[in-house]
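The values are calculated or read from the model by the stated rules, or taken from the named source; none is laboratory data. Everything numeric in this text was worked out from a predicted model, so none of it was measured. Don't worry about glycine lacking a Cβ; one is built from the backbone with ideal geometry, like all the others, and counts go over all protein chains shown.
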Number of protein chains: 2
Amino acid sequence: MSIDQCIAQLRTLLLPPQVVTAGPEIVRLSKSLSYHTPHEPRCVVFAESEADIVAVLKCANSHKVPVIPVAGRSSIEGATIPLASVPTISLDVSRMDRVVALHEDDLDVVVQPGVGWMELEEVLKPVGLFFPPDPGAAACVGGMCGTNCSGTFAWRYGTMKDNVISLRVVLPDGTVVRTRRRPKKSSAGYDLTRLFIGSEGTMGIISEITLRLRPIPKLTCVALACFASIEDAGAAVQHIVKEGIDLQRMELMDSHAIHSINLSRGISTAPLAEQSTLLFELAGPSPTSLAEQLTSVQRICKSSHATLFRSASDAAESTHLWAIRKTAYFAAKRLRPDLPSPEILTTDVAVPISRLAEALSRTRADLASHSLKATILAHAGDGNFHCLLVVDPANVAEMKAVSAFRDRNAHMAIDMDGTCTGEHGVGTGKVHLLEREVGPEALGLMRTIKAAVDPNGIMNPGKVLARL
Amino acid sequence: MSIDQCIAQLRTLLLPPQVVTAGPEIVRLSKSLSYHTPHEPRCVVFAESEADIVAVLKCANSHKVPVIPVAGRSSIEGATIPLASVPTISLDVSRMDRVVALHEDDLDVVVQPGVGWMELEEVLKPVGLFFPPDPGAAACVGGMCGTNCSGTFAWRYGTMKDNVISLRVVLPDGTVVRTRRRPKKSSAGYDLTRLFIGSEGTMGIISEITLRLRPIPKLTCVALACFASIEDAGAAVQHIVKEGIDLQRMELMDSHAIHSINLSRGISTAPLAEQSTLLFELAGPSPTSLAEQLTSVQRICKSSHATLFRSASDAAESTHLWAIRKTAYFAAKRLRPDLPSPEILTTDVAVPISRLAEALSRTRADLASHSLKATILAHAGDGNFHCLLVVDPANVAEMKAVSAFRDRNAHMAIDMDGTCTGEHGVGTGKVHLLEREVGPEALGLMRTIKAAVDPNGIMNPGKVLARL
């Protein structure tokens, strides 16, 4: 077997503990955060440096052996899980976790792909800077580039595409490309940076990333608004977006999400009104600027028939209010006390903002008509929302119904000129939807580019683009 | 000749007035705004629709005839000028100038490539929206995508890459690709949108563009600060960027620029202090928010030793102050009263913001040591600046000195980890610098992609990538 020869050769190129073919590491890399069928890689290689990545790709390319880059293993759409049919090397870059250079005055930082965004946050806080994308806690910067993730700050600060200045990428043949220098803007040729962001390791492996940073706002304040219907909440969101109010964050939770949070908080805390709820984070240089934003947001919420509007009077209360959003993910499991170990399956559609209220309303109706238990969380300003479906993976009929719902929901978003994947990527989970969304012509062009950059097809096969 | 057969075939496919092979249109399309040696196309074709573009490209591709898309003819780096050695068809899309759909609530607009940004501004103003990129007055949206232009608003709102949602592109073989649907964010596959933005018509022709719009701020106000040295002005800029003050615009003019503006305004107006000058546009929802910004900016300017700080007390004075910046381009010609018809040659470097003051200072010293007459204008927050060199194109020795200066300046910026082209693109003017800037590996990858998308090499040959 070619992969065995490749592994034998890798053992001569790297240190023995870097090349693993059995044991818990193989099992670990067969899975990722979200529920997709696990498949074990044949071999896990731990890269300690860019030179290691070069060595592995040169070797794998010459043997035409598939390679999957992986760092935080928090992919939701199965981007880092090997295909069942293809013996694969998982190239784990999580040990490449150094902050290489912090350029405070230029508002940028150079990091290795295995740096977690939460660790990075701790490095940046003391110098008054932050990096906006905030996906799942385990995510590392390399994988965040791979899926073009975003999160709660994206409405204001954009996605990974807007927050990465430059990449170093190892191509399948071992060539190392630096996509761009460090100026804030440049028109020097094709945009290689954005070509790799969102490509999920299907054209090369990212070995270093230069991130754009932002100053931490001097003051922030959290406010909350409740609405009797999701349509009213959606109308408030649309109005706020249209007015161009520069809020830091705006998150929506539907009544089912609030119900699950109440269940998770228990009876020791006063229950939240189980209505569609918007959480706002306001940011600015002074109390006056915050007060102005608050007045505008409150005015709009009232005109959209908010049943309650409340703003935090101090930092502690802000933290307390935002904690509602922070607990929302795992709280969803409370909707299924019938299950000993419920799993969460997440959708990820986004629609033009004018269609958000309708999309949310139709989604909730669809869930109800199929008796599916789920909460809805929205990065509202971006028109992006997740249904957290609480499921029993062992129940075949239920999983079938959930799978059908996810596809219906994706098609609904696509029909609204939206996307089936706002921030989680394609992986294998959305591969069957990509052509419907972008059309056969765009898909064909993606295939043309993939074939040119990775002619042997060794880079994460079957992800983003289905195997033909 | 293959091109003659191609033209003959085009005459059968299009209406007679759409295919022009002699007369003023041929001369017109031999030139563009900035000074580059003119070369006539063999034929000009006027596209009235996407179907026309498809027909032309299919025909040209089958005959392997080069095609250059052109709309506003305002390219600065010669992107739309045919190569001397290659008989070429110029495909003029300026008649495709319709606003196709305005989605006010989604903050986007769909336009044809021949729409000028200034005409678009007039369409958007009544609905309270604007499109930030503001290059030269003649620029059309198609070409603005081609060069990834930006302008005075880019520090706050980004470049074309940040303000285009989606494109329709005709590939060399006539396939029409829609790069993306309309959600604000998406992780659905490779970023084809950004691949075409900045590719200067070398991989396909843009037939329709969906632009992201912003609400026009409720209030704006202009302020001005003067500094005895360019280093002081640069220090103020860096401090403002670091604090994250969300100004609408921040433009720098050096003392020579102010001198030229004084000359152009004549003795009827009180002369401006001939110092390095920053112009700020502040924007916000209320007088309070503007006053806060003003206080911060003034504090920073004073701490950077501003010799003067002045803010407009009303809208009329704001317009009056910003007019200083608006006249700066053509005013430069006043530096050469010795010439009957001086021309302006523009540089376009950008550096990381921490190097801006040094870059400006070294640039001014270089100009002085070679006795070159120029003003400097900077989109300061982006670290991007232009030397407007006022030249006599007939003076061979002078043009040689200017050309050498431009290269030195570009190399200086590249050595500072910056770019030789912040917003004007590569065209033919920067083709010899691209490898130095991005490296042979990135250039090789660009060539790989170009060859895959345009295998016959018919799309705007010799632009961005030098002919081998």
On the given criteria, is A:ASN409 part of a loop (DSSP other than H, G, I, E, B) and either free of Cβ contacts under 8 Å to residues at least 12 places away in the same chain or more than 10 Å from chain B (Cβ to nearest Cβ) (or both)? no
Scan the stretch A:365-387 residue by residue and report those that are touching a His at 6+ places or on another chain (Cβ under 9 Å) and closer than 27 Å to A:ILE240 by Cα. A:ALA374, A:THR375, A:ILE376, A:LEU377, A:ALA378, A:HIS379, A:PHE385, A:HIS386
Of the listed residues (B:SER260, B:SER186, B:SER207), the one being within 24 Å of the chain's Cα centre (by Cα), in the same structural domain as B:CYS145 (by TED's automatic domain parsing) and either surrounded by 19 or more Cβ atoms within 10 Å (Cβ to Cβ) or modelled with pLDDT of 95 or more (or both) is B:SER207
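Determine, yes or no, whether A:VAL464 is among the hydrophobic types (A, V, I, L, M, F, W, C), assigned to a loop (DSSP other than H, G, I, E, B) and within 20 Å of the chain's Cα centre (by Cα).
Yes, satisfied.
Which ones in the stretch A:68-85 are more than 17 Å from A:ARG168 (Cβ to Cβ) and either surrounded by fewer than 24 Cβ atoms within 10 Å (Cβ to Cβ) or more than 14 Å from chain B (Cβ to nearest Cβ) (or both)? Quick ask: steps written out before the conclusion?
At the first step, the residues of the stretch A:68-85 found to be more than 17 Å from A:ARG168 (Cβ to Cβ) are A:68, A:70, A:72-85.
Listed by number, the residues that qualify are A:ILE68, A:VAL70, A:GLY72, A:ARG73, A:SER74, A:THR80, A:ILE81, A:PRO82, A:LEU83, A:ALA84, A:SER85.
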Could you tell me whether the stretch B:220-241 includes any residue that is touching a residue at least 12 places away in the same chain (Cβ under 8 Å) and within 30 Å of B:ALA101 (Cβ to Cβ)? yes
Take the stretch B:258-303 and flag every residue that is of a type in the set (Ser, Thr, Tyr) and in a loop (DSSP other than H, G, I, E, B). B:SER268, B:THR269, B:SER286
Need the failing condition index for A:GLU398 against (1) more than 10 Å from chain B (Cβ to nearest Cβ); (2) in contact with a helix residue (DSSP H, G or I) (Cβ under 9 Å, 6 or more places away or on another chain), just the number. (2)
If we keep just the residues of the stretch A:335-376 that are hydroxyl-bearing (Ser, Thr, Tyr) and in contact with a helix residue (DSSP H, G or I) (Cβ under 8 Å, 6 or more places away or on another chain), which is farthest from the other protein chains (Cβ to nearest Cβ)? A:THR375
Answer yes if at least one residue in the stretch B:157-165 is in contact with a strand residue (DSSP E or B) (Cβ under 6 Å, 6 or more places away or on another chain) and at the interface with chain A (Cβ under 7 Å from one of its Cβ atoms), and no otherwise. no
On the basis of being hydrophobic (A, V, I, L, M, F, W, C), out of contact with any helix residue (DSSP H, G or I) (no Cβ under 8 Å at 6 or more places or on another chain), part of a helix (DSSP H, G or I) and surrounded by fewer than 24 Cβ atoms within 10 Å (Cβ to Cβ), does A:VAL27 make the cut? yes
Could you run through the stretch A:1-54 and say how many residues are closer than 30 Å to A:LEU388 by Cβ and among the basic types (Lys, Arg)? 2
Going by the conditions given, is B:ILE458 buried (at least 20 other Cβ atoms within 10 Å of the Cβ), closer than 30 Å to A:LEU445 by Cβ and more than 14 Å from every other protein chain (Cβ to nearest Cβ)? yes
Do we find a residue being among the basic types (Lys, Arg), in a helix (DSSP H, G or I) and surrounded by 20 or more Cβ atoms within 10 Å (Cβ to Cβ) anywhere in the stretch A:311-325? yes
Hey, B:THR88 hits all of (1) in contact with a Ser or Thr (Cβ under 7 Å, 6 or more places away or on another chain); (2) buried (at least 16 other Cβ atoms within 10 Å of the Cβ); (3) not aliphatic (A, V, I, L, M) but one; which does it fall short on? (1)
Looking only at the stretch A:241-256, which residues are over 20 Å from the mean Cα position of the chain (by Cα) and more than 10 Å from chain B (Cβ to nearest Cβ)? A:LEU247, A:ASP254, A:SER255, A:HIS256
Scanning the stretch A:181-240 for residues that are within 7 Å of chain B (Cβ to nearest Cβ) and outside any loop (DSSP other than H, G, I, E, B), the one nearest to A:ILE68 (Cα to Cα) turns out to be A:LEU195
Residues that are closer than 14 Å to B:ARG182 by Cα and of a type outside the set (D, E, K, R), drawn from the stretch A:413-443: A:ALA413, A:ILE414, A:MET416, A:GLY418, A:THR419, A:CYS420, A:THR421, A:GLY422, A:VAL438, A:GLY439
Any residue in the stretch A:432-439 that is surrounded by fewer than 19 Cβ atoms within 10 Å (Cβ to Cβ), under 15 Å from B:ALA188 (Cβ atoms) and at the interface with another protein chain (Cβ under 8 Å from one of its Cβ atoms)? yes
If you check every pair at least six apart or on different chains, which have Cβ atoms under 9 Å apart with a residue in the stretch B:77-90 that is farther than 17 Å from B:THR147 by Cα first and a residue that is at pLDDT below 95 and not aliphatic (A, V, I, L, M) second? B:LEU83/B:ARG467; B:ALA84/B:THR37; B:SER85/B:ARG467; B:VAL86/B:ARG467; B:PRO87/B:SER2
Conditions: (1) out of contact with any helix residue (DSSP H, G or I) (no Cβ under 9 Å at 6 or more places or on another chain); (2) facing chain A (nearest Cβ under 10 Å); (3) not in a helix (DSSP H, G or I). B:THR428 meets all but one. Number of the miss? (2)
Subset tally (residues that are charged (D, E, K, R) and assigned to a helix (DSSP H, G or I)) for the stretch B:52-84: 2
What is the one condition in (1) surrounded by 15 or more Cβ atoms within 10 Å (Cβ to Cβ); (2) in contact with a Leu (Cβ under 8 Å, 6 or more places away or on another chain) that B:SER296 does not satisfy? (2)
Determine if the stretch B:325-334 includes at least one residue that is within 12 Å of chain A (Cβ to nearest Cβ) and either under 22 Å from B:CYS226 (Cβ atoms) or among the small types (Gly, Ala, Ser) (or both). no
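Could you run through the stretch A:152-193 and say how many residues are free of Cβ contacts under 8 Å to residues at least 60 places away in the same chain and under 20 Å from A:GLY425 (Cβ atoms)?
Residues of the stretch A:152-193 free of Cβ contacts under 8 Å to residues at least 60 places away in the same chain: A:157-158, A:160-167, A:169, A:175, A:177-181, A:183-193.
Add one more test, that the residue is under 20 Å from A:GLY425 (Cβ atoms), and what stays is A:157-158, A:160-164, A:167, A:169, A:179, A:191-193.
Counting residues in the stretch A:152-193 that are free of Cβ contacts under 8 Å to residues at least 60 places away in the same chain and under 20 Å from A:GLY425 (Cβ atoms) gives 13.
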Which one is nearest to the chain's Cα centre (by Cα), of the residues in the stretch A:360-406 that are part of a helix (DSSP H, G or I) and of a type in the set (Asp, Glu)? A:ASP382
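Would you confirm, using the coordinates I've provided, whether A:GLY146 is closer than 21 Å to A:ARG182 by Cα, outside the structural domain of A:ASP382 (by TED's automatic domain parsing) and crowded, with 24+ Cβ neighbours inside 10 Å?
yes
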